[in-house]
Amino acid sequence: MNVTLKNYRTLDFDVINIQEEWNKPTERENRMHCIHAYPAKFPAFITTMAIQKAEQKNIKVDTVADIFCGCGTVAFEAVRSGKNFWGCDINPVATLIAKVKSQVYNDAILEEYFDEIVSSFKTSIADKNNIIYANERVKYWFDEAQIDDLLKLRSAIYRNVKNEYYLRFFLCAFSNILKSCSRWLTKSIKPQIDPDKCPKNVIAAFSAQVKMMRIANSENKMGGLGNADIHCLNFLEAKIENPFIDLVITSPPYVTSYEYADLHQLSTLWLEYAEDFRTLRKGSIGSLYHAMNFTENVERLNNTAGNIVSQMNLIDKRKARSIAQYYIDMQCTIKKVHTMLNVGGACFFVIGNTEYKGIKIDNAKHLTECLLTEGFSEIEVDRRKISNKILTPYRDVNGKFASIKGCSRKVYSEEFVIFAKKI
(Lines give C-alpha, C1' and ligand atoms only; values in the text may rest on other atoms or scores of the structure.)
Protein backbone atom coordinates (compact mmCIF):
# COMPACT_ATOMS: atom_id res chain seq x y z
CA MET A 1 0.00 0.00 0.00
CA ASN A 2 1.26 3.47 -0.89
CA VAL A 3 1.49 5.80 2.11
CA THR A 4 1.60 9.59 1.86
CA LEU A 5 1.35 12.62 4.11
CA LYS A 6 -2.34 12.76 3.21
CA ASN A 7 -3.33 9.27 4.34
CA TYR A 8 -0.88 8.04 7.00
CA ARG A 9 -2.66 9.68 9.96
CA THR A 10 -5.95 7.91 9.30
CA LEU A 11 -4.49 4.66 7.99
CA ASP A 12 -4.82 1.58 10.21
CA PHE A 13 -1.67 -0.37 9.42
CA ASP A 14 -3.12 -3.57 10.91
CA VAL A 15 -5.69 -3.85 8.11
CA ILE A 16 -3.13 -3.64 5.31
CA ASN A 17 -3.33 -6.84 3.30
CA ILE A 18 -0.76 -9.57 3.91
CA GLN A 19 1.40 -10.07 0.82
CA GLU A 20 2.24 -13.74 0.33
CA GLU A 21 5.52 -13.08 -1.49
CA TRP A 22 7.02 -11.76 1.77
CA ASN A 23 5.98 -14.82 3.79
CA LYS A 24 8.27 -17.66 2.79
CA PRO A 25 11.41 -18.37 0.78
CA THR A 26 11.48 -20.17 -2.54
CA GLU A 27 14.56 -22.18 -1.55
CA ARG A 28 16.30 -23.54 1.54
CA GLU A 29 18.52 -21.08 3.37
CA ASN A 30 22.25 -21.53 2.99
CA ARG A 31 23.91 -23.53 5.79
CA MET A 32 26.08 -20.55 6.69
CA HIS A 33 23.03 -18.95 8.29
CA CYS A 34 23.03 -21.78 10.86
CA ILE A 35 26.65 -21.67 12.02
CA HIS A 36 25.70 -19.91 15.26
CA ALA A 37 22.47 -19.67 17.23
CA TYR A 38 20.96 -16.19 17.24
CA PRO A 39 17.55 -14.88 18.34
CA ALA A 40 15.12 -13.19 15.95
CA LYS A 41 17.11 -13.91 12.80
CA PHE A 42 16.25 -11.85 9.74
CA PRO A 43 14.66 -14.06 7.04
CA ALA A 44 17.40 -14.52 4.45
CA PHE A 45 15.17 -14.50 1.37
CA ILE A 46 13.91 -10.99 2.15
CA THR A 47 17.34 -9.53 1.33
CA THR A 48 17.24 -10.93 -2.20
CA MET A 49 13.66 -9.74 -2.68
CA ALA A 50 14.48 -6.26 -1.39
CA ILE A 51 17.41 -5.97 -3.82
CA GLN A 52 15.20 -7.16 -6.68
CA LYS A 53 12.50 -4.66 -5.72
CA ALA A 54 14.98 -1.80 -5.74
CA GLU A 55 16.46 -2.83 -9.09
CA GLN A 56 12.98 -3.18 -10.59
CA LYS A 57 12.55 0.49 -9.68
CA ASN A 58 15.69 1.27 -11.68
CA ILE A 59 17.88 1.75 -8.60
CA LYS A 60 21.46 0.67 -9.32
CA VAL A 61 22.45 -1.32 -6.26
CA ASP A 62 26.21 -1.65 -5.78
CA THR A 63 26.44 -1.26 -2.00
CA VAL A 64 23.95 -2.55 0.58
CA ALA A 65 23.90 -1.58 4.26
CA ASP A 66 22.35 -3.08 7.38
CA ILE A 67 22.56 -0.63 10.28
CA PHE A 68 21.41 -3.26 12.82
CA CYS A 69 23.23 -6.11 11.13
CA GLY A 70 22.90 -8.71 13.91
CA CYS A 71 24.48 -12.03 12.94
CA GLY A 72 24.96 -10.95 9.33
CA THR A 73 22.05 -12.40 7.37
CA VAL A 74 21.81 -9.36 5.09
CA ALA A 75 25.61 -9.23 4.89
CA PHE A 76 25.85 -12.82 3.68
CA GLU A 77 23.04 -12.53 1.13
CA ALA A 78 24.26 -9.21 -0.21
CA VAL A 79 27.86 -10.38 -0.61
CA ARG A 80 26.92 -13.61 -2.34
CA SER A 81 24.73 -11.54 -4.71
CA GLY A 82 27.87 -9.68 -5.76
CA LYS A 83 27.04 -6.52 -3.80
CA ASN A 84 29.38 -4.72 -1.45
CA PHE A 85 28.17 -4.50 2.12
CA TRP A 86 28.51 -2.07 5.01
CA GLY A 87 27.04 -2.95 8.38
CA CYS A 88 27.22 -2.33 12.09
CA ASP A 89 25.82 -3.66 15.34
CA ILE A 90 26.43 -2.71 18.95
CA ASN A 91 26.72 -6.39 19.97
CA PRO A 92 30.29 -7.74 19.53
CA VAL A 93 29.02 -11.35 19.48
CA ALA A 94 26.75 -10.46 16.58
CA THR A 95 29.48 -8.77 14.56
CA LEU A 96 31.83 -11.72 15.16
CA ILE A 97 29.26 -14.06 13.61
CA ALA A 98 28.50 -11.61 10.80
CA LYS A 99 32.16 -11.29 9.84
CA VAL A 100 32.59 -15.07 9.72
CA LYS A 101 29.41 -15.64 7.71
CA SER A 102 30.32 -13.09 5.07
CA GLN A 103 33.71 -14.65 4.26
CA VAL A 104 34.89 -17.79 2.47
CA TYR A 105 37.69 -19.88 4.01
CA ASN A 106 40.30 -22.27 2.61
CA ASP A 107 39.27 -25.64 4.03
CA ALA A 108 42.80 -27.06 4.01
CA ILE A 109 43.92 -24.20 6.25
CA LEU A 110 40.91 -24.72 8.52
CA GLU A 111 41.80 -28.39 8.88
CA GLU A 112 45.41 -27.61 9.70
CA TYR A 113 44.46 -25.06 12.35
CA PHE A 114 41.85 -27.40 13.83
CA ASP A 115 44.37 -30.24 14.22
CA GLU A 116 46.82 -27.90 15.93
CA ILE A 117 44.12 -26.63 18.32
CA VAL A 118 43.03 -30.13 19.33
CA SER A 119 46.62 -31.31 19.78
CA SER A 120 47.43 -28.29 21.93
CA PHE A 121 44.26 -28.79 23.98
CA LYS A 122 45.13 -32.40 24.77
CA THR A 123 48.58 -31.56 26.10
CA SER A 124 47.78 -28.37 28.01
CA ILE A 125 46.86 -27.74 31.64
CA ALA A 126 44.31 -25.16 32.77
CA ASP A 127 45.82 -22.07 34.38
CA LYS A 128 44.05 -21.95 37.74
CA ASN A 129 45.26 -18.38 38.26
CA ASN A 130 43.24 -17.13 35.30
CA ILE A 131 40.71 -14.45 36.26
CA ILE A 132 37.93 -16.45 34.60
CA TYR A 133 37.73 -18.56 37.80
CA ALA A 134 36.87 -15.47 39.84
CA ASN A 135 33.96 -14.43 37.63
CA GLU A 136 30.74 -15.14 39.51
CA ARG A 137 28.62 -15.36 36.36
CA VAL A 138 30.98 -17.91 34.84
CA LYS A 139 30.85 -19.99 38.03
CA TYR A 140 27.05 -19.69 38.00
CA TRP A 141 26.75 -21.22 34.53
CA PHE A 142 29.66 -23.70 34.47
CA ASP A 143 31.09 -26.30 36.83
CA GLU A 144 34.84 -26.25 37.43
CA ALA A 145 35.64 -29.12 35.08
CA GLN A 146 33.90 -27.34 32.21
CA ILE A 147 35.69 -24.09 33.03
CA ASP A 148 39.01 -25.98 32.95
CA ASP A 149 38.34 -27.43 29.50
CA LEU A 150 36.89 -24.25 28.03
CA LEU A 151 39.88 -22.26 29.25
CA LYS A 152 42.25 -24.83 27.75
CA LEU A 153 40.37 -24.70 24.46
CA ARG A 154 40.25 -20.93 24.33
CA SER A 155 43.98 -20.75 25.08
CA ALA A 156 44.69 -23.35 22.38
CA ILE A 157 42.78 -21.31 19.81
CA TYR A 158 44.63 -18.09 20.58
CA ARG A 159 47.98 -19.89 20.80
CA ASN A 160 47.72 -21.61 17.43
CA VAL A 161 45.67 -19.30 15.23
CA LYS A 162 47.57 -16.04 14.69
CA ASN A 163 45.77 -15.10 11.47
CA GLU A 164 42.89 -12.85 12.58
CA TYR A 165 40.78 -13.88 9.59
CA TYR A 166 40.85 -17.55 10.65
CA LEU A 167 40.88 -16.75 14.36
CA ARG A 168 37.36 -15.34 14.04
CA PHE A 169 36.17 -18.62 12.52
CA PHE A 170 37.33 -20.67 15.51
CA LEU A 171 36.16 -18.12 18.08
CA CYS A 172 32.74 -18.26 16.46
CA ALA A 173 32.79 -22.06 16.82
CA PHE A 174 33.90 -21.70 20.45
CA SER A 175 31.12 -19.21 21.12
CA ASN A 176 28.39 -21.48 19.79
CA ILE A 177 29.26 -24.43 22.06
CA LEU A 178 29.13 -22.42 25.30
CA LYS A 179 25.45 -22.94 26.03
CA SER A 180 25.57 -26.67 25.33
CA CYS A 181 28.60 -26.98 27.63
CA SER A 182 26.92 -25.02 30.42
CA ARG A 183 23.94 -25.39 32.75
CA TRP A 184 21.87 -23.14 30.46
CA LEU A 185 18.45 -24.70 29.77
CA THR A 186 18.67 -26.21 26.27
CA LYS A 187 16.75 -24.33 23.56
CA SER A 188 15.71 -21.64 26.01
CA ILE A 189 16.15 -18.04 24.92
CA LYS A 190 15.85 -16.94 28.53
CA PRO A 191 18.87 -17.23 30.83
CA GLN A 192 17.85 -20.03 33.19
CA ILE A 193 19.52 -23.00 34.82
CA ASP A 194 18.60 -26.58 33.98
CA PRO A 195 19.34 -28.51 37.21
CA ASP A 196 19.10 -31.85 35.39
CA LYS A 197 21.31 -30.98 32.44
CA CYS A 198 24.48 -32.89 31.69
CA PRO A 199 26.74 -30.40 29.86
CA LYS A 200 28.39 -31.64 26.67
CA ASN A 201 32.03 -32.62 26.51
CA VAL A 202 33.91 -29.47 25.46
CA ILE A 203 36.30 -30.85 22.84
CA ALA A 204 33.64 -33.17 21.38
CA ALA A 205 31.20 -30.26 21.05
CA PHE A 206 33.90 -28.06 19.51
CA SER A 207 34.89 -30.77 17.00
CA ALA A 208 31.28 -31.23 15.91
CA GLN A 209 30.77 -27.48 15.61
CA VAL A 210 33.88 -26.96 13.49
CA LYS A 211 32.89 -29.88 11.25
CA MET A 212 29.47 -28.34 10.68
CA MET A 213 30.95 -24.93 9.93
CA ARG A 214 33.48 -26.42 7.50
CA ILE A 215 30.69 -28.17 5.60
CA ALA A 216 28.73 -24.92 5.44
CA ASN A 217 31.84 -23.08 4.24
CA SER A 218 32.53 -25.71 1.56
CA GLU A 219 29.06 -25.12 0.10
CA ASN A 220 29.72 -21.39 0.06
CA LYS A 221 32.54 -21.29 -2.47
CA MET A 222 31.56 -19.10 -5.40
CA GLY A 223 32.96 -16.36 -7.57
CA GLY A 224 31.92 -12.76 -7.89
CA LEU A 225 31.55 -12.09 -4.18
CA GLY A 226 31.16 -8.55 -2.90
CA ASN A 227 33.19 -7.13 -0.04
CA ALA A 228 31.88 -6.89 3.52
CA ASP A 229 32.80 -4.03 5.87
CA ILE A 230 31.35 -4.76 9.33
CA HIS A 231 31.79 -2.64 12.45
CA CYS A 232 30.98 -3.17 16.12
CA LEU A 233 29.42 0.17 17.00
CA ASN A 234 26.20 1.99 17.73
CA PHE A 235 24.84 3.29 14.41
CA LEU A 236 23.84 6.55 16.07
CA GLU A 237 27.52 7.15 16.90
CA ALA A 238 28.84 6.22 13.45
CA LYS A 239 30.53 9.10 11.61
CA ILE A 240 28.58 9.39 8.38
CA GLU A 241 28.99 12.71 6.62
CA ASN A 242 28.48 11.82 2.96
CA PRO A 243 26.21 9.36 1.09
CA PHE A 244 27.79 6.07 0.06
CA ILE A 245 24.96 3.49 0.20
CA ASP A 246 22.47 2.52 -2.51
CA LEU A 247 20.12 0.37 -0.44
CA VAL A 248 19.60 -0.04 3.30
CA ILE A 249 18.00 -3.33 4.33
CA THR A 250 17.43 -3.73 8.05
CA SER A 251 15.15 -4.80 10.87
CA PRO A 252 15.22 -2.36 13.79
CA PRO A 253 15.27 -3.79 17.32
CA TYR A 254 12.15 -3.82 19.44
CA VAL A 255 11.70 -1.55 22.45
CA THR A 256 13.07 -4.33 24.69
CA SER A 257 16.07 -5.08 22.48
CA TYR A 258 18.62 -4.50 25.26
CA GLU A 259 17.64 -7.98 26.54
CA TYR A 260 19.81 -9.37 23.73
CA ALA A 261 22.80 -8.61 25.94
CA ASP A 262 21.47 -11.12 28.46
CA LEU A 263 21.02 -13.80 25.79
CA HIS A 264 24.66 -13.54 24.66
CA GLN A 265 26.20 -13.23 28.10
CA LEU A 266 28.18 -16.50 27.95
CA SER A 267 29.98 -15.50 24.76
CA THR A 268 30.47 -11.96 26.05
CA LEU A 269 32.17 -13.26 29.19
CA TRP A 270 34.31 -15.96 27.59
CA LEU A 271 35.42 -13.84 24.64
CA GLU A 272 36.16 -11.02 27.10
CA TYR A 273 34.05 -8.43 25.34
CA ALA A 274 33.01 -7.10 28.76
CA GLU A 275 33.59 -8.01 32.41
CA ASP A 276 29.87 -7.52 33.02
CA PHE A 277 27.60 -8.39 30.08
CA ARG A 278 25.02 -5.88 31.30
CA THR A 279 27.27 -3.02 30.20
CA LEU A 280 26.41 -3.94 26.60
CA ARG A 281 22.88 -2.70 27.20
CA LYS A 282 24.26 0.81 27.27
CA GLY A 283 23.80 2.54 23.96
CA SER A 284 21.23 0.07 22.64
CA ILE A 285 18.31 1.64 20.82
CA GLY A 286 15.74 2.70 23.42
CA SER A 287 17.84 1.73 26.43
CA LEU A 288 17.26 3.71 29.61
CA TYR A 289 21.01 3.45 30.21
CA HIS A 290 21.44 6.40 27.87
CA ALA A 291 17.99 8.00 28.22
CA MET A 292 17.83 11.77 28.00
CA ASN A 293 15.54 14.05 29.96
CA PHE A 294 12.02 12.68 29.53
CA THR A 295 10.41 16.10 29.11
CA GLU A 296 12.90 17.04 26.40
CA ASN A 297 12.31 13.72 24.64
CA VAL A 298 8.55 14.17 24.62
CA GLU A 299 8.92 17.56 22.99
CA ARG A 300 11.00 16.01 20.18
CA LEU A 301 8.64 13.12 19.44
CA ASN A 302 6.66 13.07 16.23
CA ASN A 303 2.87 12.83 16.27
CA THR A 304 2.59 9.02 16.33
CA ALA A 305 5.20 8.59 19.06
CA GLY A 306 3.80 11.43 21.17
CA ASN A 307 0.35 9.83 21.29
CA ILE A 308 1.75 6.43 22.30
CA VAL A 309 4.07 7.81 25.00
CA SER A 310 1.36 10.01 26.52
CA GLN A 311 -0.95 6.99 26.83
CA MET A 312 1.80 4.86 28.35
CA ASN A 313 2.80 7.57 30.82
CA LEU A 314 -0.61 7.27 32.47
CA ILE A 315 -0.06 3.55 33.10
CA ASP A 316 3.68 2.92 33.44
CA LYS A 317 5.98 5.94 33.71
CA ARG A 318 9.22 3.93 33.49
CA LYS A 319 8.06 2.16 30.34
CA ALA A 320 6.95 5.51 28.90
CA ARG A 321 10.53 6.81 29.38
CA SER A 322 11.93 3.74 27.61
CA ILE A 323 9.51 4.00 24.68
CA ALA A 324 10.16 7.74 24.34
CA GLN A 325 13.90 7.09 24.16
CA TYR A 326 13.35 4.31 21.63
CA TYR A 327 11.32 6.57 19.36
CA ILE A 328 13.81 9.43 19.65
CA ASP A 329 16.58 7.02 18.73
CA MET A 330 14.58 5.77 15.74
CA GLN A 331 13.88 9.31 14.57
CA CYS A 332 17.62 10.02 14.68
CA THR A 333 18.25 6.72 12.89
CA ILE A 334 16.03 7.62 9.93
CA LYS A 335 17.68 11.03 9.67
CA LYS A 336 21.07 9.31 9.53
CA VAL A 337 19.84 6.74 6.98
CA HIS A 338 18.82 9.66 4.76
CA THR A 339 22.35 11.05 5.07
CA MET A 340 24.06 7.76 4.16
CA LEU A 341 21.89 7.02 1.11
CA ASN A 342 22.88 8.17 -2.34
CA VAL A 343 20.32 10.31 -4.16
CA GLY A 344 17.89 7.89 -5.80
CA GLY A 345 18.80 5.20 -3.28
CA ALA A 346 16.26 3.42 -1.07
CA CYS A 347 15.71 1.87 2.31
CA PHE A 348 13.81 -1.27 3.23
CA PHE A 349 12.68 -1.93 6.80
CA VAL A 350 11.12 -4.98 8.43
CA ILE A 351 9.44 -3.99 11.69
CA GLY A 352 6.65 -5.26 13.92
CA ASN A 353 4.04 -3.71 16.16
CA THR A 354 3.37 -4.91 19.67
CA GLU A 355 1.29 -4.12 22.73
CA TYR A 356 2.16 -3.36 26.33
CA LYS A 357 -0.42 -3.26 29.12
CA GLY A 358 -3.18 -2.63 26.64
CA ILE A 359 -1.36 0.15 24.77
CA LYS A 360 -0.63 -0.46 21.10
CA ILE A 361 3.01 0.22 20.29
CA ASP A 362 2.65 1.23 16.64
CA ASN A 363 6.27 1.00 15.51
CA ALA A 364 5.40 0.70 11.80
CA LYS A 365 3.34 3.88 11.75
CA HIS A 366 6.00 5.77 13.69
CA LEU A 367 8.71 4.62 11.29
CA THR A 368 6.59 5.62 8.31
CA GLU A 369 6.02 9.08 9.77
CA CYS A 370 9.80 9.41 10.27
CA LEU A 371 10.36 8.59 6.59
CA LEU A 372 7.75 11.11 5.50
CA THR A 373 9.26 13.78 7.74
CA GLU A 374 12.72 13.25 6.23
CA GLY A 375 11.33 13.68 2.72
CA PHE A 376 11.42 10.07 1.49
CA SER A 377 9.05 9.30 -1.38
CA GLU A 378 7.34 6.29 -2.98
CA ILE A 379 6.70 4.82 0.47
CA GLU A 380 5.12 1.38 0.29
CA VAL A 381 3.92 -0.57 3.32
CA ASP A 382 3.02 -4.28 3.20
CA ARG A 383 2.40 -6.89 5.87
CA ARG A 384 3.90 -10.37 6.19
CA LYS A 385 3.44 -13.32 8.51
CA ILE A 386 6.21 -13.59 11.06
CA SER A 387 8.33 -16.68 10.60
CA ASN A 388 11.73 -17.98 11.63
CA LYS A 389 12.00 -15.88 14.80
CA ILE A 390 12.95 -17.44 18.11
CA LEU A 391 11.72 -14.65 20.36
CA THR A 392 8.60 -15.73 22.21
CA PRO A 393 5.43 -14.22 20.67
CA TYR A 394 3.58 -13.92 23.97
CA ARG A 395 3.44 -11.56 26.91
CA ASP A 396 1.75 -12.02 30.27
CA VAL A 397 -0.78 -9.62 31.78
CA ASN A 398 2.05 -7.41 33.05
CA GLY A 399 3.63 -7.12 29.63
CA LYS A 400 6.62 -9.37 30.38
CA PHE A 401 7.80 -12.04 27.93
CA ALA A 402 6.09 -15.39 28.46
CA SER A 403 6.06 -18.72 26.67
CA ILE A 404 2.74 -20.34 27.63
CA LYS A 405 0.12 -19.70 24.97
CA GLY A 406 -2.87 -20.48 27.15
CA CYS A 407 -2.30 -17.68 29.66
CA SER A 408 -0.68 -15.04 27.49
CA ARG A 409 -1.64 -12.64 24.74
CA LYS A 410 -0.12 -13.14 21.32
CA VAL A 411 1.43 -9.91 20.13
CA TYR A 412 3.82 -10.83 17.33
CA SER A 413 1.82 -12.45 14.54
CA GLU A 414 2.62 -10.19 11.60
CA GLU A 415 5.20 -7.58 10.79
CA PHE A 416 5.58 -4.86 8.18
CA VAL A 417 7.89 -4.40 5.23
CA ILE A 418 8.40 -0.72 4.45
CA PHE A 419 10.10 0.56 1.30
CA ALA A 420 11.03 4.20 0.72
CA LYS A 421 13.15 6.10 -1.80
CA LYS A 422 15.42 9.10 -1.31
CA ILE A 423 14.79 11.80 -3.86
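The values are calculated or read from the model by the stated rules, or taken from the named source; none is laboratory data. Keep in mind the model is a prediction, meaning the values are calculated, not measured. Methodologically, a virtual Cβ is constructed for each residue, glycine included, from the backbone with ideal geometry; neighbour enumeration extends over all protein chains shown. Just the protein is used for accessible areas: all its heavy atoms, side chains included, with ligands, DNA and RNA removed. Shrake-Rupley method; radii C 1.70, N 1.55, O 1.52, S 1.80 Å.
Here ILE240 and ASN129 are evaluated by their C-beta separation; at R0 = 45 Å the FRET efficiency comes out at 0.50. The residues of the chain expose on average 44 square angstrom of accessible surface per residue, using a 1.4 Å probe on protein heavy atoms.
Helix 107-123 and the longest principal axis of the C-alpha atoms of the chain enclose an angle of approximately 50°. The simple spin-label model puts a point 7 Å past each Cα toward its Cβ; for LYS336 and HIS231 those points are separated by 0.9 nm.
Annotation: CYS34 carries an accessible surface of approximately 80 Å², with a 1.4 Å probe and no ligand, DNA or RNA atoms counted.
Ranking ASN163, GLY70, ASN303 by Cα position along the charge dipole of the chain, where only Lys, Arg, Asp and Glu carry charges on their C-beta atoms, puts ASN303 farthest toward the positive end. Taking Cα atoms only, the orientation of helix 317-340 departs from the longest principal axis of the chain by about 90 degrees. For GLY344, the residues whose amide H sits under 5 Å from its own are LYS422, ILE423, ignoring neighbours fewer than 5 places away on the same chain, with H placed 1.01 Å from N. For the options PRO195, PRO252, PRO43, a Gaussian network treatment of the chain with springs between C-alpha atoms closer than 10 Å singles out PRO195 as fluctuating the most.
The local environment of ASP194, defined by Cβ-Cβ distances under 15 Å, has a net charge of +4 under the rule Lys, Arg +1 and Asp, Glu -1. The aspartates and glutamates whose alpha-carbon is closer than 17 Å to the alpha-carbon of LYS24, local same-chain residues fewer than 8 away aside, are GLU77, ASP382, GLU414, GLU415. For segment 57-154, applying the loop criterion from DSSP together with a ceiling of 16 other beta carbons within 10 Å to the trypsin sites (Lys or Arg not before Pro) yields LYS57, LYS60, LYS128. 3J(HN,Hα) along segment 71-83: 7, x, 4, 5, 4, 4, 5, 5, 5, 6, 8, x, 9 Hz, from the Karplus curve 6.51 cos²θ - 1.76 cosθ + 1.60 with θ = phi - 60°, whole Hz, x for Gly and Pro. Where does helix 303-313 land angle-wise versus the long Cα axis of the chain, in degrees 0 to 90, nearest 10? So the helix axis and the longest Cα principal axis differ by about 70 degrees.
The label-point distance for ASP143 and LEU11, in a model that sets each label 7 Å from Cα toward Cβ, rounds to 5.8 nm. For the chain, the calculated P(r), taken from all Cα-Cα distances in 20 Å bins from zero up to the bin holding the longest distance, is 25, 56, 19, 0 percent. GLU144 exposes around 110 Å² of accessible area when a 1.4 Å probe is run over every protein chain in place. By a 1.4 Å probe calculation restricted to protein chains, GLU374 has an accessible surface near 40 Å², given to the nearest 10.
Put simply, the amide H of LYS200, placed in the peptide plane, has neighbours under 5 Å in CYS181, SER182, leaving out anything fewer than 5 places away on its chain. For segment 305-323, backbone nitrogen atoms closer than 19 Å to the point 7 Å from GLU299 Cα along Cα-to-C-beta are found at 305-307, 309-310, 321-322.
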